[in-house]
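Chemist: Following this message is one structure expressed as structure tokens.
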């Protein structure tokens, strides 16, 4: 700056010189020169200017007075706050703030360190892409190596269906029907598209109702289907027979209804029945000429059942071939009623038969029935097919009725009645057993006896009494044996069938007193004496070898056996003989006493012992003849009482509560690692995996190793394709609908592409042409 | 008398087989009441299976006899399961057929030790390195004449190279390390038409961090750009060939002899250490080992993963080979050998039957294996399964090590007792051996 000023000064002086060359200015010039010279020389140089310029700064000269250097920011301050100018300001500022020099570079090892850190982070992040694959591979239950094995095996239908593309027009049409159609059902949706449309057309409430209806109807349909399936699967012939019968009955009812309401339809039905009758008459289906029937006839001699069956068949034939009476509408409709009732097939297995409906008419009912015309007719119709046992019962019944009013009669009469009632009981029982299919020769023989009795029933009362007594005895024995064998009587005898709950309750109360005992109580004194004499003999014989004190008191167990009363026939002698044998065999062994002693020893052994803490020689004198001091007791510590034994209440067992060392060798002491609770571990051990307990497929699943390798193959390290596959899978997962609409959209796309290609081809062609 | 004959009526489809090759169908009732005591019976079966497993434990398959000096290195053939290559201390390389257990080919490759063998990706060349500072390239097919075989290509290096690895990436390259300089050199096959497949004489790249010599190095088989090397100064160094610099250095208390990468889990590697133990690391978290494997009683020299990545095998100076499950610290001991001139073939699971199994046989084996697994925690089963007759030296060493460990533990607890609480920190075993990480 200084030099500039100097030049300026010089210039100005020269100008002045050239402008006016007059002497006037000589002095002045000289002075100036002098001053300039003085400035040039030495110290005066750096000193401030002397010259001052008054007035405004001209464009040729710059004033340096006061501030010195002008900076950019000083200039910027003067700028106004326009938007343009603000922008300009910013730009200028940024220019000003830039440094001209660079920082000192880092030391090489530090720079490398940073580089390495960055690189490591980058690589670590990159390798993290394997995380998901590794995690799933660790968790997966079974891995098969090598990983990228080609899938061999039969194509499943699902796979095929997924990949299937309709090619022929027929296929396409079918495909359209199956997929595009709005009535087609889809896997994931409950309603079809058409249904949805209908629903959307309705109001919400309506739709809800409608949907509920639909759901209900579907549910009902499915229930019905499953019910039908279930019923169809039932193998029991009896069940189907009963069902058929039930249907027949319903049919009859319907007919009756129809008669009243719709006679025309009834007439039609009648013609149908007529037709059936004609058919029946034409063929010999239900006659006794068939092969089966002949065979049955042969057996008929021996078997009641066979006889029964043939009778049934003939009966059916009779029913079917019976002429159907023209229904004449009476005012009362009574005669018609009777006829119609006759039209119902009558047989042993008849629905109206009291033996099969599970309902026995009480006396009162019977009386009523007797007065009723229809019932009487039914009775009459039934009679021919009844077996003799039943007939006997009927006779009894009638007798009962006769005897019922007769209160005051002699003892003999009473006795007789009692016997009869008993016989009736037995016959009833026999009947029931026969129905259960448990007939035995034994029973039938007994029955035969009875029948015989019945036949000459009119013989002298005394004779009958004699017979009755014998029978009673037999019965008593039977009852006893039964009680022994069955515990709770399997067959409970009573005159009337149980119909209501109260009846059954009463049974349970009565069960303690067996029927035989009851009868005994009722028995007259003379009989009692006789029987007790005999029984006394027997019991004395039995009790001879049994010590009542050496018997365990065991709770009776309810052993339900189906052992029939076949043994009944055997007389008391045999049984007692058997008992005798056992007693004799174990006469010398006192097993029970031995056992008791053993148990006591075990208990004694198990008791906690007092602990002796005495130190020998401490606090007492030793030597012979020295009595043990009383102080010693202080050092014997009594053990706490033992916990109650498990077999305290059980007299017939000894439970060893000590730990079994042999087993403990095999037991796991600590809970192994992956299990969190003992129960869990126990569960894992308890669930068997072998083929003894599981189906082959389950075993294959359960015993599958965690990984398997294929023989003779090279297992390559995992490839990056796995990552892509995994990504694809993940992408596909949330879109289950893709399967439905996929092929369609794909097809559309492919078509588009095809179109494009074609277009392109056309273009090319065009250009070629 | 009534006769009631009940006839069994069966559908032939239920019991007849369709063809004579099918097995007969045996209907079974799986009602559990008919087959009681399932746990007890299965326990007995498991016990028997364990015993049988021990009875049939015959792991030794055969020996490959033929080297006239100790075997220094071995290599698998990348495409043939039955081919094995081995190099011995006298400079011989032998190619073996494992199926016949015969030596197929012998190469007098080097003077001095053969340090490394590898087969190239296309299975055209065998590459060997030796102590004589050369890398030799041999044709895969043996020479027609009975003359002494000559290498197709020989590269004379400036330093003695000790290991060679073939990396099967898209661009094939070979790496070898040098003992003295602590460098790993990367060589490439020439692209020239005439010498296609031959290695170029000059390395294209070298990796180095520090000056101490490199013990061994291994490439990651999954992420083939990453490699780990072990140096004499007890470091494990990670490199990435894509990066300019190495990645990270891990310092352990003692020297690591080898590392092995898990072929199924890209970021997992296991280091065989001089302190008798192996450490499995996650590459991304080097401050703590995932698992410490201990059973050896001397320095672990080598480790290699099974191709499934579920197990690895280790060799040690205690003359034993052990197989460790990847996630467990305890091993199966299979054998011990002496350092003679044999190569021995062993089965990985001693009692396994070789060859293709019958379907039923297979299912039985699977069942018994599962049973052993199920009842593995029962004392008797465990006792029988773990019982081995080991050489006396190993037996005694194991005892001593156990004693040492207990005494150390006792001392530590005592110190902890007699000091200010928390003044002596508890260092978990997974962190004990780690000295530090160098960034």
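Chemist: Take the residues in the range B:299-323 that are touching a residue at least 60 places away in the same chain (Cβ under 8 Å) and in contact with a strand residue (DSSP E or B) (Cβ under 7 Å, 6 or more places away or on another chain), then tell me which one is farthest from residue B:279 (Cα to Cα).
Modeler: Looking only at the range B:299-323, we keep the residues that are touching a residue at least 60 places away in the same chain (Cβ under 8 Å), and these are B:318-320.
Remaining after also requiring in contact with a strand residue (DSSP E or B) (Cβ under 7 Å, 6 or more places away or on another chain): B:319-320.
Numbers: B:319: 20, B:320: 18 Å.
My answer is B:319.
Chemist: If you go through the range A:639-662 one residue at a time, how many are over 42 Å from the mean Cα position of the chain (by Cα) and surrounded by 10 or more Cβ atoms within 10 Å (Cβ to Cβ)?
Modeler: 3
Chemist: Being within 14 Å of chain B (Cβ to nearest Cβ) and touching a residue at least 24 places away in the same chain (Cβ under 8 Å): is that true of residue A:110 here?
Modeler: Judged against the criteria, residue A:110 is not a match.
Chemist: I would also like to ask the following. Output the number of residues of the range A:270-304 satisfying the condition of being assigned to a helix (DSSP H, G or I), within 50 Å of the chain's Cα centre (by Cα) and touching a residue at least 12 places away in the same chain (Cβ under 8 Å).
Modeler: Number satisfying all stated conditions: 5.
Chemist: Ok, one more. Would it be correct to say that residue B:355 is out of contact with any strand residue (DSSP E or B) (no Cβ under 7 Å at 6 or more places or on another chain), crowded, with 16+ Cβ neighbours inside 10 Å and within 12 Å of chain A (Cβ to nearest Cβ)?
Modeler: For residue B:355, the condition - out of contact with any strand residue (DSSP E or B) (no Cβ under 7 Å at 6 or more places or on another chain), crowded, with 16+ Cβ neighbours inside 10 Å and within 12 Å of chain A (Cβ to nearest Cβ) - is not met.
Chemist: Are there any strands (runs of 3 or more DSSP E) wholly within the range B:213-256 with 2 or more residues that are within 12 Å of chain A (Cβ to nearest Cβ), and if so which? It would help to see each step written out before you state the result.
Modeler: Numbers: elements: B:214-219, B:226-231, B:235-240, B:248-252.
Hits in the range B:213-256: B:226-231, B:235-240, B:248-252.
Chemist: Turning to a different aspect of this structure: I need a count of the residues in the range B:67-91 that are free of Cβ contacts under 8 Å to residues at least 60 places away in the same chain and either surrounded by fewer than 18 Cβ atoms within 10 Å (Cβ to Cβ) or over 18 Å from residue B:125 (Cβ atoms) (or both).
Modeler: 9
Chemist: Next question, about the same structure. Mind checking which residues of the range A:693-710 are closer than 15 Å to residue B:32 by Cβ and more than 9 Å from chain B (Cβ to nearest Cβ)?
Modeler: Residue satisfying the conditions is A:698 alone.
Chemist: Are there any pairs with C-beta distances below 7 angstrom linking a residue in the range B:230-248 that is within 17 Å of residue A:112 (Cβ to Cβ) to a residue that is modelled with pLDDT of 90 or more and in a loop (DSSP other than H, G, I, E, B), with the two at least 6 apart or on different chains, and if so which?
Modeler: Between residues of the range B:230-248 that are within 17 Å of residue A:112 (Cβ to Cβ) and residues that are modelled with pLDDT of 90 or more and in a loop (DSSP other than H, G, I, E, B), the close pairs are B:237/B:246; B:238/B:246; B:238/B:247; B:238/B:283; B:239/B:246; B:239/B:247; B:240/B:247; B:248/B:286.
Chemist: Within the bounds of the range A:652-660, is there any residue that is modelled with pLDDT under 90 and within 14 Å of chain B (Cβ to nearest Cβ)?
Modeler: Scanning the range A:652-660, I find at least one residue that is modelled with pLDDT under 90 and within 14 Å of chain B (Cβ to nearest Cβ), so the answer is yes.
Chemist: Here's something else I'd like to know. List the number of the failed condition for residue B:296; all other conditions in (1) crowded, with 22+ Cβ neighbours inside 10 Å; (2) closer than 23 Å to residue B:437 by Cα; (3) in contact with a strand residue (DSSP E or B) (Cβ under 6 Å, 6 or more places away or on another chain) hold.
Modeler: Exception for residue B:296: condition (2).
Chemist: So residue B:110 ticks every box in (1) more than 14 Å from chain A (Cβ to nearest Cβ); (2) within 15 Å of residue B:140 (Cα to Cα); (3) touching a residue at least 24 places away in the same chain (Cβ under 8 Å) but one. Which box is left unticked?
Modeler: Answer for residue B:110: the failing condition is (2).
Chemist: Suppose the filter is in a helix (DSSP H, G or I), more than 14 Å from chain A (Cβ to nearest Cβ) and surrounded by 12 or more Cβ atoms within 10 Å (Cβ to Cβ); does residue B:382 pass it?
Modeler: no
Chemist: Turning to a different aspect of this structure: Filter the range A:663-690 down to the residues that are part of a loop (DSSP other than H, G, I, E, B), loosely packed, with under 10 Cβ neighbours inside 10 Å and within 13 Å of chain B (Cβ to nearest Cβ) and list them by number.
Modeler: Matches in the range A:663-690: A:669, A:670, A:673, A:674.
Chemist: If you take the residues in the range B:408-439 that are surrounded by 11 or more Cβ atoms within 10 Å (Cβ to Cβ) and assigned to a loop (DSSP other than H, G, I, E, B), which one is nearest to the other protein chains (Cβ to nearest Cβ)?
Modeler: B:439
The values are calculated or read from the model by the stated rules, or taken from the named source; none is laboratory data. Computed from a prediction, not measured in an experiment: that's the story for all the values here. Using ideal geometry, Cβ is built from the backbone for each residue, glycine included, and neighbour counts are taken over all protein chains shown.
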